[in-house]
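The block underneath contains the structure these notes are about, expressed in structure tokens.
The values are calculated or read from the model by the stated rules, or taken from the named source; none is laboratory data. Not measured: the values here are computed from a predicted model. Here the Cβ positions follow ideal geometry from the backbone for every residue, glycine too, while neighbour counts run over all protein chains shown. Heads up: the accessible areas ignore ligands, DNA and RNA and are worked out on the full protein's heavy atoms, side chains in. Shrake-Rupley method; radii C 1.70, N 1.55, O 1.52, S 1.80 Å.
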Amino acid sequence: MELILIFISAAIVNNFVLAYFLGICPFIGVSNKLSSAFPMGLATTFVMLLTAIVTWLIYHLILVPYDVVYLQYVSFILVVASLVQFVEMFIKKVSQPLYRALGIFLPLITTNCAILGLALFIVLKDYSFIQAVFYGLGAGAGFTLAISIMAGIREELELANVPKSFQGAPITLIVAGLLALAFMGFAGMISV
Amino acid sequence: MSSVTVTEAQNERELLLSTSPHLQSRWTTKQIMWFVVLALVPSVVSAVLFFGFYQLVVIATAVVFAAGTEAVIQYLLKKPITVSDGSAVITGLLLGLIVPPNFSLSFTALGAVFAIGVGKMLFGGLGFNIFNPALAGRAFLQAAFPVAITTWTMPHWAVDSVSKATPLAALKFDGVSTAVAPLFFGNVGGSLGETSAIAVLLGGIFLLVTGVANWRIPAAMTVGVIVFGGGLWLIDSTYPTPIFHIFAGSFLFGALFMATDYVSSPVTGLGMWIYGLGISLVLVLIRVFGGLPEGVMYSILFMNAFVPLIDRYTRPRIFGEVKS
Amino acid sequence: MKKQVSLATEYTKGLWDQNPVFKQVLGMCPMLAVTVSAMNGIAMGLATTFVLVFSSLIISSIRKLIPSQVRIASYIVIIATFVTIVDLVMRAQFPALSKELGPYIPLIVVNCLILGRQEAFSSKNHPGRALMDALGMGSGFIIALTSLGAVREILGSRTLLGFQVLPDGFEPWLVMILPAGAFLTLGLMMGFLNFMVLRKKTREEKELLSRHLQEPKMSLAKGQEA
Amino acid sequence: MKTIVGMLITLSIIGVVSGGGLAMLSSWADPLIAANKKADTERAIFQVQPEAKNYKKIESVAYELYQVLDESNNPVGYALPWEGNGFQGKIRMMIGVTSDLMTIKAIEVIDQVETPGLGTKVVEDPFRSQFAGLNADPQVDWVKGVPPTKDNEIQTITGATISSKAIVEILNDGLANLRKDMKEGGVQ
């Protein structure tokens, strides 16, 4: 039950994008079409899951025992970058169509602050291994949800008369603001 | 379900008519808008009866600032001024009816400016807004002035005015439930237009009979609340009953006047059912498990965001279109 | 002579023409997350600028030594090192500020602004120019963070840099210090700036057009000269 | 081959320089950071036990607990850091209580992520000062909307009922725990 709550909390109540402002760059950059936003969300979720697992192991099996916690940022970001590289190579080998769909987004994920943010939050919240896994999955699901909703809305807005100076990033930010207002309804539902 | 295929050409100006595929063709956009205004009259009357004359000033402020904002922005953008279509008046009226009694006029005005300015005009005006403007304005006010907007005054007819909490807040924070009869007539604390179920129903039935509001959305919401709320109540009877869910707070007002807004609701029949059920699921979750006593506004706004996706997957494919 | 002018331009372009936030839409996470007050904006801006300046200097100095296959890995290690320095120094010397900015200091590592400048500029230019570029981008970032922080602080808490600027009668708009307020304010600010730029542009075009019409010969002569 | 060696050498050099530099810096920063943390705890202890002049950590319990002493080193009470769930996240606070655990001296919220401007009022004075001298036996209670009538009641903040209740619940929970341990002789 606690694991499910952690999942829901990361996905909806404390949504990474709308409450913690993590992953805003792809959220604004790759949300203009659903056909690219959804795969981007899935790829991010996958990398988040791997990141949660690997960084948890590194932190608890290397950084803490050897008392080199000050290396956490350097090691975490290297892990994320190499994970992304690894996933890219793996997908390329296993499935060409999947690679064509996801390939271009993978490099972008390295600089997605939601990934590193996830690793840092897991340390900060002192999660156990299994909690970290669910937290990573929840964060990924939340990111996918937010970016898919945004993509649906932005496709709709292509037909709308948005004033010229507000097209692109400004209206996306305003939609995000209204979404954040709507998500406030979930505040206090779970306090994990 | 007759004329649901909305082509892009139709989408331009006639969106309002084409989105609701049933009886709407009988009325023009303008007529529809003024019908809605008419349907809100009982709620305005009940607000004044229960809470005093000042409430008329609050509602008027909301209307004037909503219409004024629309006119000013259209003037600045050098577009034709379309205030007379009545849609901004409706947004103002709705906003005025969902604020608490004796609400500050300056806050009301700010909410109306936000509702029209950000919630509607930035998206390109009538027909293009993603979120219900009145609810966007109300959500902004709730986030900006959380204390003022949850400070309730009891109707002056109320005999027992010890607790100033709304029935939902009384249930959530103090475990006190309220009987259905006062909820029905409006002898309880709450927002101006929502306290009297009977006034809301009067206007709502008028909209349903004339076909101005689509019956599917309120029906789906009611079914949803009975299923989700009732299910929880069967598991644990300390949770509110479905009847309470329906008559307390702004469920009826939201179902009849807010969720049925053409622009921010789905276009297909199936889409409307999904939308309505989604609203009631989120609503029950917020009311039962959330930190806030009421969730109608949030659940509708939340589902507004899904409407483009719902439309996309429920729209019948045009002949020969390949599934992407 | 030409070089000096361009060095100055390397700096000034970051302030407005290529402002990292308003024009390039980079570095949005810290931009939105920490700007509940102007002071937080300044602190975050300074921290980011510090990392940006030093990583740019080092990367442009050793740019010819790094094999291109490992350049991104090298960049992020260098950036992460400077971020750790900032984080340790802040936690040791300014504990209150470090608590306030929380996990957003380590997230400077993945600020796309920093990695983006290394890839686009420092890896191709000598240290002097890279320094000016980094200082310019950093200043532009500070300007953006501080202005958003100021607007949110004034409306959300009635204060600016901790001093009360709005009367007690003004009820603070709490939404401004919430996530929703951050998105809405930045969206409105960007839209408004675009609006002003567009208006200026059309006005200039109109002016240019009318001048052309009045003095056809002059402009023709100028055109030949160029 | 040559490029791979070059890659490895470059990365190793960068790694060693960065690691070495950070190790040096952290040996300077770590004691300072630890001192900051200790100063924070100390400040909170003296905030909730205004008459205290000194304190010592009680080692016989599994959680953090401090016994506070007056100028002649007589114990005057305890300072207990305790945490629990607030409106949208953990609230961590310091509880100051008399030696018999019957009366609250003061409370101080150390960490919280409540709604800014609303739930965060639990940190501020009109609310916080209600706890000074409050009777904690058998437990603290709250009332809503009206001034408290009993000596173990506090009034919740309008619009932030859940945050206010959370503070009371954490307080009761922490004290109940401490009482239990004290009864069983766990506190020495």
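Structure notes:
Conditions tested, residue by residue: (1) surrounded by fewer than 17 Cβ atoms within 10 Å (Cβ to Cβ); (2) touching a residue at least 60 places away in the same chain (Cβ under 8 Å).
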{"position": "C:7", "(1), (2)": "yes, yes"}
{"position": "C:10", "(1), (2)": "no, yes"}
{"position": "C:34", "(1), (2)": "no, yes"}
{"position": "C:48", "(1), (2)": "no, yes"}
{"position": "C:55", "(1), (2)": "no, yes"}
{"position": "C:63", "(1), (2)": "no, yes"}
{"position": "C:77", "(1), (2)": "no, no"}
{"position": "C:82", "(1), (2)": "no, no"}
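- Within the stretch C:12-32, tally of residues that are more than 14 Å from chain A (Cβ to nearest Cβ), in contact (Cβ under 8 Å) with a residue 60 or more places away in the chain and either open to solvent by 50 Å² or more (accessible area, probe 1.4 Å) or aliphatic (A, V, I, L, M) (or both): 4
- Residue list for the stretch A:61-78, restricted to those being open to solvent by less than 60 Å² (accessible area, probe 1.4 Å) and either more than 20 Å from residue A:139 (Cα to Cα) or away from chain D (no Cβ under 14 Å) (or both): A:63, A:68, A:69, A:70, A:71, A:72, A:74, A:75
- Odd one out for residue A:125, checked against (1) out of contact with any Phe, Trp or Tyr (no Cβ under 7 Å at 6 or more places or on another chain); (2) within 11 Å of another protein chain (Cβ to nearest Cβ); (3) open to solvent by less than 10 Å² (accessible area, probe 1.4 Å): (3)
- Residue selected from the stretch D:33-62 under the condition facing chain C (nearest Cβ under 9 Å) and open to solvent by less than 60 Å² (accessible area, probe 1.4 Å), by the criterion nearest to residue D:93 (Cα to Cα): D:39
- Residues being open to solvent by 30 Å² or more (accessible area, probe 1.4 Å) and either in a loop (DSSP other than H, G, I, E, B) or out of contact with any strand residue (DSSP E or B) (no Cβ under 6 Å at 6 or more places or on another chain) (or both) - total across the stretch D:142-157: 8
- Residues of the stretch B:110-137 classified as more than 14 Å from chain A (Cβ to nearest Cβ) and either farther than 24 Å from residue A:185 by Cα or open to solvent by 10 Å² or more (accessible area, probe 1.4 Å) (or both), total: 2
- Flag for residue C:192 being at pLDDT 85 or above and open to solvent by less than 20 Å² (accessible area, probe 1.4 Å): no
- Yes/no for residue C:165 being without any contact (Cβ under 8 Å) to a residue 24 or more places away in the chain, assigned by TED's automatic domain parsing to the domain that holds residue C:20 and among the hydrophobic types (A, V, I, L, M, F, W, C): yes
- The sole residue among A:180, A:187, A:119 that is crowded, with 21+ Cβ neighbours inside 10 Å, in contact (Cβ under 8 Å) with a residue 12 or more places away in the chain and under 14 Å from the mean Cα position of the chain (by Cα) is A:119.
- Residue within the stretch A:163-170 that is of a type outside the set (D, E, K, R), more than 7 Å from every other protein chain (Cβ to nearest Cβ) and crowded, with 22+ Cβ neighbours inside 10 Å present: no
- Only listed residue being facing chain D (nearest Cβ under 10 Å) and among the small types (Gly, Ala, Ser), chosen from C:38, C:43, C:80: C:80
- The stretch B:205-241 - residue that is outside any helix (DSSP H, G or I) and open to solvent by 40 Å² or more (accessible area, probe 1.4 Å) and, of those, nearest to residue B:288 (Cα to Cα): B:239
- Residue in the stretch D:158-167 that is within 29 Å of residue D:59 (Cβ to Cβ), open to solvent by 40 Å² or more (accessible area, probe 1.4 Å), assigned to a helix (DSSP H, G or I) and touching a residue at least 40 places away in the same chain (Cβ under 8 Å) present: no
- Positions within the stretch C:163-185 being closer than 26 Å to residue C:21 by Cα and either in contact with a Pro (Cβ under 8 Å, 6 or more places away or on another chain) or surrounded by fewer than 10 Cβ atoms within 10 Å (Cβ to Cβ) (or both), in sequence order: C:174, C:177, C:178
- The stretch A:32-42, subset open to solvent by less than 20 Å² (accessible area, probe 1.4 Å) and modelled with pLDDT of 85 or more, residue farthest from the other protein chains (Cβ to nearest Cβ): A:41
- Evaluation of residue C:113 against (1) buried (at least 17 other Cβ atoms within 10 Å of the Cβ); (2) away from chain A (no Cβ under 14 Å) (one fails), failing number: (2)
- Annotation: residue C:118 fulfils all but one of (1) open to solvent by less than 10 Å² (accessible area, probe 1.4 Å); (2) within 14 Å of chain D (Cβ to nearest Cβ); (3) more than 30 Å from residue D:30 (Cβ to Cβ); (4) not aliphatic (A, V, I, L, M); the unmet one is (3).
- Residue C:99, sole failed condition from (1) charged (D, E, K, R); (2) buried (at least 19 other Cβ atoms within 10 Å of the Cβ); (3) within 12 Å of chain D (Cβ to nearest Cβ): (2)
- Matching residues in the stretch B:257-312 - criterion: being over 19 Å from residue A:175 (Cβ atoms), within 13 Å of chain A (Cβ to nearest Cβ), small (Gly, Ala, Ser) and not in a loop (DSSP other than H, G, I, E, B): B:271
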